[in-house]
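For reference, the structure discussed in these notes is given below.
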Amino acid sequence: MDEETVSGYVERSQSLVESSPQMDEQNTRARLIDPFIRDILGWDFYSTAIEMEYSVQMGSTKKKVDYALFTDGSPAVFVEAKGCDTAITDSHADQLRSYMRQEWVDWGLLTNGKSFHIYRLKKDGDKPDVKFLRRIDLSDLTANDWLLAALSEESIRSGASTEIYQRVERRRQAIETLTDRKAWVAEAIRETVVDRVGEVVSQPAESLSKTFVDDLVAELESDQNDGHTDASNSAQSRTESDRSEQTDVHDLSGAYVVEIADQTDSNLFSDDSQADLMGIVVDHLIREHGLIDAYSPLPYVPGKKIAILNDEPAHPSGEEMRLYRAVGGDYYVYTSLNKGDKKRHLRDFADACGVEIAFDGEW
């Protein structure tokens, strides 16, 4: 979406809120939230990509999610709507979190048309957890285009939304570290400068290093809105010399290339077959990064029917997987997917394992 479209939506919505501040949920959905999902995020209300009042089984009862946005037959985003006349509370957030955990839905949006609360499912560990990412006011939408990019149909389908999340999360962690350890970081900067220049700069370096840390935090906080623009670049930013020192390089003669990287090293994998390469990468994630533990107990079923990971080559219905690869530890990964869906699931697997993934070649 372009900036003019977003600005037009914000201006029109603000006018509607000002003229009807006590707008109930039904009218808020029709006037504010439906247009946001359709015009700004690009989801088609005249397709099967959107299901209204989606049923979620919670214990012995069924609950309804206002909007479920689908990719590959599975819900990828849950949207809970409130009226402009309703203040968003912790109980509303807890409700959405429970729905996301129950259905393993990656993204959640809670909104009353005036503010937008964004949530992300974290799949590491025995139990999924839902993390609150940010609250954005209607007037600030144009300055937070990472939100629009992350929740757009295009990004969800391509898997770019995961890269956006990883970028935002790394930035948040950096801000948190700099804030919590300001004195330590500033002292480390001072010591480095004194070591390189001499004791004569010690006193001014002491105060200026603290100012530098404050300025760096402010810059990171103000730069949140570009989280999507260089997410893919950051995943592929290693130079060839970096890779020669840090990467376990496999045969890279194939048409499709995948890089898996953590804080210590990275691995490159390549194959002429997308399905074979998906199996190779999943095998690596299972053996080296605990992928099965992240999705235990199996089968891992992102939607309601198809198992992507299982300990047998079958779906929960008993139907045999049409196309699969056997991977480490006597597990099976379903590979009868198009290129975009393969990338999306591999990004999700990498996210669950806490590692970064990048694609090259003919992807």
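Some observations on this one:
- In a DSSP loop and with at most 15 other Cβ atoms within 10 Å, the GluC sites (Glu not before Pro) in the stretch 300-356 are Glu319.
- Cubic angstrom per residue, convex hull over Cα atoms of the chain: 170
- When peptides 105-114, 289-298, 72-81 are sorted by average Cβ neighbour count within 10 Å, with the highest value leading, the order is 105-114, 72-81, 289-298.
- Full extension of the chain between Arg134 and Arg170 gives 11.6 nm of extra length, using 0.36 nm per residue less the Cα-Cα distance.
- In nm, spacing of pseudo-spin labels at Lys127 and Asp215 (7 Å Cα→C-beta vector): 4.6
- By accessible area with a 1.4 Å probe, ligands and nucleic acids excluded, highest first: order of Trp43, Trp184: Trp184, Trp43
- Estimated FRET transfer efficiency when R0 is 56 angstrom, pair Val201-Gln22 (beta carbons, to 0.05): 0.35
- Cβ-placed point charges (K, R +1; D, E -1), dipole of the chain about Cα centre in debye, nearest 20: 1160
- D by Stokes-Einstein for the stretch 140-193, Kirkwood Rh over Cα pairs, 25 °C, 0.890 mPa s: 185 µm²/s.
- What the chain shows is 48 Å² of accessible area per residue, with the surface traced by a 1.4 Å probe over protein heavy atoms.
- Legend: residues Lys127, Lys210, sorted from most to least accessible area (1.4 Å probe; ligands, DNA and RNA excluded), read Lys127, Lys210.
- Nearby lysines by direct alpha-carbon distance to Lys182 (threshold 17 angstrom, same-chain neighbours under 8 apart not counted): Lys210
- Each Cα pair of the stretch 64-124 feeds into the Kirkwood radius, which the Stokes-Einstein equation turns, at 25 °C and 0.890 mPa s, into a diffusion coefficient of 209 µm²/s.
- Spatially proximal aspartates and glutamates relative to Lys127 (Cα-Cα < 13 Å; intrachain offsets below 8 disregarded): Glu103, Asp293
- Ranked by the mean number of other Cβ atoms within 10 Å of their residues, highest first, the peptides 2-11, 93-102, 275-284 fall in the order 275-284, 93-102, 2-11.
- Inter-label distance for Asp265 and Lys305, nm, one decimal - labels placed 7 Å from Cα along Cα-to-Cβ: 4.3
The values are calculated or read from the model by the stated rules, or taken from the named source; none is laboratory data. Keep in mind that what you see is a predicted model, and the values were worked out from it rather than measured. Cβ atoms come from the backbone with ideal geometry, glycine included; neighbour counts cover every protein chain shown. Heavy atoms of the whole protein, side chains included, go into the accessibility calculation; ligands, DNA and RNA do not. Shrake-Rupley method; radii C 1.70, N 1.55, O 1.52, S 1.80 Å.
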